[in-house]
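First the structure, in the form of structure tokens, and then the observations on it.
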Amino acid sequence: MNRVEFLNLALENKPFENELQKAAKRVIDSGRFIGGEEVHLLENDLCEKFYAKHAVGVASGLDALTIGLRAAIITGHLKEGDKVMVPANTYIASFLAITNAGLIPVPVDPDETTYNLTGDIVELNMSSGIKAIMPVHLYGRAAWDEKMARLAKEHNLLVIEDAAQSIGARAKSKGLFNSYYTGALGHIGALSFYPTKNIGALGDAGAIITSITEIAEAAKALGNYGSKKRYDNLYIGYNSRLDPLQAAFIRVKLKHIDQLNADRFANVVAYNNTINNPLIIKPILDPVLTDNVWHQYVIRCEERDRLRKFLADNGVETDIHYPTPPHKQPCYRNQFANHHLPVTEKLANEVISLPVAPATINVKTSSDVGRLINQFK
Ligand SMILES: *Cc1c(COP(=O)(O)O)cnc(C)c1O
């Protein structure tokens with residue numbers, strides 16, 4: 001077998017080369033390098049795609065989360081010091097947004113089969129201090145069910161979704177504003193267009209999705225120095241605007257999102273059909289591409305590090321998402337010293353991500369990698 005890369009971003013962008021060059025030329029010729037038509041058009045495309053009222057482009061996924069939470073505070077939906085329930089097995093950005101907005105993360109263990117929050121888990125961890133929940137649609141799988149929606153309404157919880165990994169994924173049950181798309185299920189959704197995401201820009205970019213007009217307006221102002229009108233600063237804001245160049249690139253790829261996600265799914269099916277090693281736990285596979293857009297294809301193995309070395313020795317690159325959960329990171333270790341999150345800690349030791357991106361690996365190679373994994377003893 002030839003060497004298999006984990007993710008080759010040049011290859012991933014190659015199919016769009018001509019369209020991306022045209023998009024860049026459009027922006028260069030426009031002379032408009034902040035805001036303007038391209039950003040506006042992307043925000044419209046996102047509203048249409050997500051069945052949401054508003055989309056606000058920002059500089060990154062982390063900023064989308066932070067500014068989304070700050071906008072919730074400014075509009076009175078939350079107040080500083082409120083507690084936000086968050087799955088502990090997430091990327092650090094989920095936690096950073098909560099603390100940077102002056103809120104308190106309450107890390108909880110995820111479901112051990114979906115690796116996500118569920119309504120049952122929210123219920124189990126509800127306490128009077130919880131004012132918001134942050135479902136993270138980890139690895140591309142929608143973290144949403146009827147019970148979560150019901151609990152959010154009953155307890156008046158603000159729902160901010162970390163949809164950085166799940167663009168195009170739909171939940172099996174409706175969101176609070178009648179959309180089925182992750183990012184538009186709760187009150188606020190954060191998207192990331194970081195280059196490795198399912199829709200990757202050619203640099204940093206993100207967006208906030210919301211159907212609450214006052215939150216959209218506050219978020220837009222926050223990203224623009226806290227001002228709605230020039231030299232009139234309402235809030236202590238940020239410079240976090242989505243570049244028109246990135247917006248133009250994202251619009252090119254957004255048109256192809258369903259096909260790109262379907263191509264990922266083909267690799268996933270090849271893996272799941274091939275891998276039958278009793279030492280490996282495979283992800284749950286739904287029969288159709290609906291609730292999961294497979295940002296990562298993650299298997300588990302108790303001897304993960306030995307498996308990783310076996311694959312590397314055979315030319316297959318892998319990655320770990322994530323080796324150290326946020327509550328164990330140096331920056332948070334003291335704050336969460338007495339937290340015991342056994343599911344999260346076990347997952348961190350067992351998970352291994354296989355190459356799955358549609359232009360980096362194809363169905364045949366995925367099957368070859370699957371057969372190689374079956375030889376691991
Ligand atoms: C990538 C990612 C983010 C942050 O997005 P950036 O655009 O890199 O800032 C947040 N949460 C999760 C789960 C992510 O995977």
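Bear in mind that the values in this text are calculations on the coordinates, not laboratory data. All values reported here derive from a predicted model rather than from experimental measurement. Methodologically, a virtual Cβ is constructed for each residue, glycine included, from the backbone with ideal geometry; neighbour enumeration extends over all protein chains shown.
Of all residues in region 22-76, those satisfying the criterion of being among the small types (Gly, Ala, Ser) and out of contact with any helix residue (DSSP H, G or I) (no Cβ under 8 Å at 6 or more places or on another chain) are Gly31, Ala59, Ser60, Ala64, Gly76.
The set of residues from region 252-276 being of a type outside the set (Gly, Ala, Ser) and closer than 15 Å to Ser366 by Cβ comprises Asp263, Arg264, Phe265, Asn267, Val268, Val269, Tyr271, Asn272, Asn273, Thr274, Ile275, Asn276. Checked against (1) part of a loop (DSSP other than H, G, I, E, B); (2) more than 24 Å from the chain's Cα centre (by Cα); (3) small (Gly, Ala, Ser); (4) under 24 Å from Lys197 (Cα atoms), Gly370 passes all but a single condition, namely (1).
Is it true that some residue in region 287-303 is closer than 17 Å to Gly140 by Cα, without any contact (Cβ under 8 Å) to a residue 24 or more places away in the chain and either not in a helix (DSSP H, G or I) or not acidic (Asp, Glu) (or both)? Taking every residue of region 287-303 in turn, at least one turns out to be closer than 17 Å to Gly140 by Cα, without any contact (Cβ under 8 Å) to a residue 24 or more places away in the chain and either not in a helix (DSSP H, G or I) or not acidic (Asp, Glu) (or both).
Scan region 122-156 for residues that are surrounded by fewer than 22 Cβ atoms within 10 Å (Cβ to Cβ) and either touching a strand residue (DSSP E or B) at 6+ places or on another chain (Cβ under 7 Å) or under 23 Å from Thr66 (Cβ atoms) (or both) and the total you get is 5.
Please tell me if Arg264 is at negative phi and in a loop (DSSP other than H, G, I, E, B). Criteria not met by Arg264.
Among the residues making up region 169-206, those that are away from the ligand (no atom under 15 Å from the Cβ) and under 19 Å from Tyr297 (Cα atoms) are Arg170, Ala171.
Kindly provide the set of residues from region 18-41 that are assigned to a helix (DSSP H, G or I) and of a type in the set (A, V, I, L, M), ordered by number.
The initial filter retains those residues of region 18-41 that are assigned to a helix (DSSP H, G or I), namely 18-30, 37-41.
Those that are assigned to a helix (DSSP H, G or I) and of a type in the set (A, V, I, L, M): Leu20, Ala23, Ala24, Val27, Ile28, Val39, Leu41.
Is at least one residue of region 71-83 touching a Pro at 6+ places or on another chain (Cβ under 9 Å) and either in contact (Cβ under 8 Å) with a residue 12 or more places away in the chain or of a type in the set (Gly, Ala, Ser) (or both)? Yes. For region 158-167, the condition holds for at least one residue, the condition being that it is within 16 Å of the ligand (Cβ to nearest atom), touching a residue at least 24 places away in the same chain (Cβ under 8 Å) and in contact with a Pro (Cβ under 6 Å, 6 or more places away or on another chain). Among the conditions (1) touching a Leu at 6+ places or on another chain (Cβ under 6 Å); (2) within 16 Å of the ligand (Cβ to nearest atom), the only one that Asn239 does not satisfy is (1). Taking each residue of region 196-210 that is of a type in the set (Ser, Thr, Tyr) and looking for partners that are assigned to a loop (DSSP other than H, G, I, E, B) and near the ligand (Cβ under 9 Å from one of its atoms) with beta-carbon atoms closer than 9 Å, six or more apart or interchain, yields Thr196/His295. With respect to the stated conditions, Glu123 is over 23 Å from Glu214 (Cα atoms), away from the ligand (no atom under 16 Å from the Cβ), of a type in the set (Asp, Glu) and part of a helix (DSSP H, G or I). Looking at Asp145, Asp120, just one residue is of a type outside the set (A, V, I, L, M, F, W, C) and within 25 Å of Ser192 (Cβ to Cβ), and that residue is Asp145. If the condition is being assigned to a helix (DSSP H, G or I), surrounded by 24 or more Cβ atoms within 10 Å (Cβ to Cβ) and away from the ligand (no atom under 14 Å from the Cβ), then region 42-99 contributes Leu42, Leu46, Phe50, Arg70, Ala71, Ala72. The set of residues in region 307-330 being over 30 Å from Asn261 (Cβ atoms) and touching a residue at least 60 places away in the same chain (Cβ under 8 Å) consists of His327, Gln329. Based on this model, can you work out whether Thr118 counts as within 17 Å of the chain's Cα centre (by Cα), farther than 25 Å from Ser60 by Cα and either within 16 Å of the ligand (Cβ to nearest atom) or surrounded by fewer than 24 Cβ atoms within 10 Å (Cβ to Cβ) (or both)? It is true that Thr118 is within 17 Å of the chain's Cα centre (by Cα), farther than 25 Å from Ser60 by Cα and either within 16 Å of the ligand (Cβ to nearest atom) or surrounded by fewer than 24 Cβ atoms within 10 Å (Cβ to Cβ) (or both).
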